[in-house]
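Engineer: Dumping the structure here so I can ask a few things about it.
Every read-out reported here was derived from the displayed coordinates using simple, explicitly stated rules and does not represent laboratory data. A quick note: this is a predicted structure, and the numbers were derived from the prediction, not measured. Here the Cβ positions follow ideal geometry from the backbone for every residue, glycine too, while neighbour counts run over all protein chains shown.
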Number of protein chains: 4
Amino acid sequence: MLPLQLNPRLGIPIYRQIMDAIRGLIASEALKPGERLPSLRELATQLRINPSSAVKAYSELQHAGVISLDHGRGTFVSEKPGLLAQSRKKVLDQDLRALLLKAKNLGFSSKEILRALTEMEKE
Amino acid sequence: MLPLQLNPRLGIPIYRQIMDAIRGLIASEALKPGERLPSLRELATQLRINPSSAVKAYSELQHAGVISLDHGRGTFVSEKPGLLAQSRKKVLDQDLRALLLKAKNLGFSSKEILRALTEMEKE
Amino acid sequence: MLPLQLNPRLGIPIYRQIMDAIRGLIASEALKPGERLPSLRELATQLRINPSSAVKAYSELQHAGVISLDHGRGTFVSEKPGLLAQSRKKVLDQDLRALLLKAKNLGFSSKEILRALTEMEKE
Amino acid sequence: MLPLQLNPRLGIPIYRQIMDAIRGLIASEALKPGERLPSLRELATQLRINPSSAVKAYSELQHAGVISLDHGRGTFVSEKPGLLAQSRKKVLDQDLRALLLKAKNLGFSSKEILRALTEMEKE
DNA sequence: GTGGTCTAGACCACT
DNA sequence: GTGGTCTAGACCACA
């Protein structure tokens, strides 16, 4: 059973939250290359989500090369940890860039953004 | 003519990009309380968008208390700068919160996030 | 100079507020049959409103038979006080009916409406 | 299927009629907290209106905290009945205030208004 | 001229 | 299936 918590209210799509968490678990080596992931049905039941969301999450992770779906056998962590590190950083950078752009459109200075972020982490 | 550019590729709804930009212009005092904004038709023409999208952007800003729509007269920056500060901070905080959650799901530590952010700003 | 106050914020169109007030002034005999009303230009200047609003108000009152516009001479209170009493009551009744309908759609009982109204008048 | 009828002649926007009716249904407990509302398409089909009008009605109710729209899942009555009571009262009060102002401009006394209202309800 | 509402319909994102 | 965004355009109400 994956240590995976979802927050349906935050406006982040369920399937993305799953993707992020699985990437995180692999990065922290809670999930290791070659290890088997829960079946789509298990995942959906465990998280009480719509199976389609599980399907979408796995499918996107597969496209990103993070996991591989073996029809009839199961789902496994991909053997390419290097790729993962790259993709994980890419995801973060892309999000950061989007945030910065938006914050600057809103008229916030770099300092203000940093300050807000550090304060938020104290909570 | 408002200094306002849209980026249709970013996946951010047009009306939100407009909202952010206007909030930013007010925050930077390029638009001052009581000042008149472009009419819905002007805005739509200028940005080459459908009038409905302009309506949506203005209407949401009105809900947020940032501007006021006067039927038959025009659209004006609200006289209450406090409300703007509030709504602007809310937007930033919400985005930051979403980013933090995602980053932590991805297994990034607070330090890593801050470092990535500060490096990105040097560019 | 007419004792006439407008409230542009209440959501009631300016021209209607003018219409109501003039009907009221006639009903209370502050304006008498045959008496001359301010010119459109005077009215607009005095109330600091757009001339179109004044035009619209007078024009609607003329259609209702309350006043008469004599081209080149001026605007005068109509000679038919009976008609006024009727139209005045009609306007109120129509508004009351609309209010009742809406309030009942909202699920308010007659008692609740009456109570809210009496409380509001104490203010 | 919601017991919901529209009156296109009344001059009240369709989306507001929908809002009022839904607030009323919740207030009368015909709709309970957490209960699912018809989908936007269902509502539009049922009332023979354009989907956009349905979207507007639901979206405004969401802003008022009365319902919540869950992307991909459906629309649900908000769990916070307090907010409904608040928003419902606000709507009534605003309408009453407008009516009172108008009636007083027309020269009606409080007594006259109350009398007209009570008589109308006897019908 | 201004804002406000509405239709008819498309396409996208999420579950 | 669900909600969310957008286009193209019409018509109305208000100043």
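Engineer: Using the Cα atoms of chain A, I'd like the radius of gyration and the largest Cα-Cα distance, Dmax, both in angstrom.
Structural biologist: Gyration radius and largest Cα-Cα distance of chain A: 16.6, 52 Å.
Engineer: Using a simple charge model, +1 on the beta-carbon of Lys and Arg, -1 on the beta-carbon of Asp and Glu, nothing else, what dipole does the stretch D:20-76 show about its Cα centre, in debye to the nearest 20?
Structural biologist: 140
Engineer: Can I ask one more? Using a Gaussian network model on chain B with a 10 Å cutoff between Cα atoms, which of B:Gly72, B:Gly34, B:Gly82 fluctuates the most?
Structural biologist: Highest fluctuation of the listed residues: B:Gly72.
Engineer: Mind listing which trypsin sites (Lys or Arg not before Pro) in the stretch A:77-123 are in a DSSP loop and have 16 or fewer other Cβ atoms within 10 Å?
Structural biologist: none
Engineer: Moving to a separate point now. If you take each beta carbon of peptide C:87-97 and count the beta carbons of other chains within 10 angstrom, what is the mean?
Structural biologist: 4
Engineer: Something else now. Could you work out the mean count of beta carbons from other protein chains within 10 Å of each residue's beta carbon in C:9-17?
Structural biologist: Working: counts 2, 5, 5, 6, 2, 3, 0, 2, 3.
Averaged over the peptide's residues, the number is 3.
Engineer: Among the GluC sites (Glu not before Pro) within the stretch B:24-59, which fall in a DSSP loop and have no more than 15 other Cβ atoms within 10 Å of their own Cβ? Before the final figure, lay out each step's value.
Structural biologist: Values: sites: B:Glu29, B:Glu35, B:Glu42; in loops: B:Glu29, B:Glu35.
Within the stretch B:24-59, the qualifying GluC sites (Glu not before Pro) (loop, at most 15 other Cβ atoms within 10 Å) are B:Glu29, B:Glu35.
Engineer: Taking only Cα atoms and a 10 Å spring cutoff, compute GNM fluctuations for chain C and point out the largest among C:Leu100, C:Leu37, C:Leu84.
Structural biologist: C:Leu100
Engineer: Also, I was wondering about something else. Test of the criteria: in the stretch A:1-72, which trypsin sites (Lys or Arg not before Pro) are in a DSSP loop and have at most 16 other Cβ atoms within 10 angstrom of their Cβ?
Structural biologist: Within the stretch A:1-72, the qualifying trypsin sites (Lys or Arg not before Pro) (loop, at most 16 other Cβ atoms within 10 Å) are A:Arg9, A:Arg48.
Engineer: Can you tell which of B:Val66, B:Val55, B:Val77 shows the greatest fluctuation in a Gaussian network model of chain B with Cα springs below 10 Å?
Structural biologist: B:Val55
Engineer: Assuming a strict under-30 Å limit between Cα atoms, what lysine pair count do you get for chain D once near-sequence pairs (fewer than 8 apart, same chain) are dropped?
Structural biologist: 22
Engineer: Moving to a separate point now. Would you work out the charge dipole size for the protein assembly as shown about its Cα centre, treating the Cβ of every Lys and Arg as +1 and the Cβ of every Asp and Glu as -1, and quote it to the nearest 20 debye?
Structural biologist: Dipole about the Cα centre, nearest 20: 260 debye.
Engineer: For every helix of n ≥ 4 consecutive DSSP H residues, a contribution of -39,500 (n - 2.57) applies; sum these over the protein assembly as shown, divide by its total residues, and give [θ] at 222 nm rounded to the nearest 500 deg cm²/dmol.
Structural biologist: Helix contribution divided over all residues of the protein assembly as shown: -19500 deg cm²/dmol.
Engineer: Sticking with this one: With charges only on Cβ, +1 for K and R and -1 for D and E, what is the dipole size of chain A about its Cα centre, in debye, rounded to 20?
Structural biologist: Dipole about the Cα centre, nearest 20: 240 debye.
Engineer: Separate question: Where the centroid of each part is defined by its Cα atoms, how far is the stretch C:1-65 from the stretch C:87-123 in Å?
Structural biologist: Value for the Cα centre distance between the two parts: 25 Å.
Engineer: Which of B:Ala64, B:Ala44, B:Asn105 sits farthest toward the positive end of the charge dipole of the stretch B:14-122, with +1 on the Cβ of Lys and Arg and -1 on the Cβ of Asp and Glu?
Structural biologist: Result: B:Asn105, furthest along the dipole toward the positive end.
Engineer: Contact order normalised by length for the stretch A:44-123, with contacts defined as Cα pairs under 8 Å and 6 or more residues apart; what percent is it?
Structural biologist: Details: 32 pairs, mean separation 10.6, N = 80.
Relative contact order for the stretch A:44-123 comes out at 13 percent.
Engineer: Hey, another quick one. Across peptide C:21-34, what mean number of C-beta atoms from other chains lies inside 10 Å of a residue's C-beta?
Structural biologist: Per-residue shielding by partner chains comes out at 2.
Engineer: Another question, if that's okay. Would you kindly calculate the translational diffusion coefficient of the protein assembly as shown, applying Stokes-Einstein with the Kirkwood radius from alpha carbon pairs, for 10 °C and a viscosity of 1.306 mPa s, and quote it in µm² s⁻¹ without decimals?
Structural biologist: Rounded, D is 58 µm²/s.
Engineer: Please compute the contact order of the stretch A:1-88 in relative form: average sequence separation of alpha-carbon pairs under 8 Å and at least six residues apart, divided by the residue count, as a percent.
Structural biologist: 31
Engineer: Among D:Ile67, D:Ile14, which comes first, second and so on when ranked by fewest other beta-carbon atoms within 10 Å?
Structural biologist: Least crowded to most crowded, the residues run D:Ile14, D:Ile67.
Engineer: Any number yet on Rg/Rh for the stretch A:56-123, C-alpha, Kirkwood?
Structural biologist: Using Cα coordinates only, the ratio equals 1.20.
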